[in-house]
């Protein structure tokens, strides 16, 4: 005697069929951008906490993780990238790594200049 469950094709728990039953979509999609940005903000907060305690190596690692998340979530030209680079430059400067801090701060300034020089689209008189 066949039960309805026995005759249906079983799907792995991480896959479901759509109504048209031709395509299969994963239940576990990539994290939404809001989750990524929340994680980014936690790393920035932790970095600031470590910087105030003069734990520069830990602060640097947190800011590098935040930078990686922001770059992947927002793109390389986003204003948050310039802010993350500036924060990293400050931490490196306070840690006494002046040459590295200077080059990172230069990248931050360059990105900020590019963002302010981009034309704003809209109605022009």
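The values are calculated or read from the model by the stated rules, or taken from the named source; none is laboratory data. Quantities reported herein were computed from a predicted structural model and do not represent experimental measurements. Please note: Cβ atoms are built from the backbone with ideal geometry, for glycine as well, and neighbour counts cover all protein chains shown.
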Q. Among 65, 55, 42, which is the only one that is at negative phi, exposed (fewer than 15 other Cβ atoms within 10 Å of the Cβ) and at pLDDT 95 or above?
A. 42
**Q.** Hey, residue 106 at pLDDT 90 or above and either exposed (fewer than 11 other Cβ atoms within 10 Å of the Cβ) or over 23 Å from the mean Cα position of the chain (by Cα) (or both) or not
**A.** no
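Pick out the one residue from 82, 101, 95 that is closer than 21 Å to residue 37 by Cβ and either surrounded by 15 or more Cβ atoms within 10 Å (Cβ to Cβ) or touching a residue at least 12 places away in the same chain (Cβ under 8 Å) (or both). Before you say what the answer is, go through the steps one by one.
Details: 101 fails: closer than 21 Å to residue 37 by Cβ; 95 fails: closer than 21 Å to residue 37 by Cβ.
So the residue among 82, 101, 95 that is closer than 21 Å to residue 37 by Cβ and either surrounded by 15 or more Cβ atoms within 10 Å (Cβ to Cβ) or touching a residue at least 12 places away in the same chain (Cβ under 8 Å) (or both) is 82.
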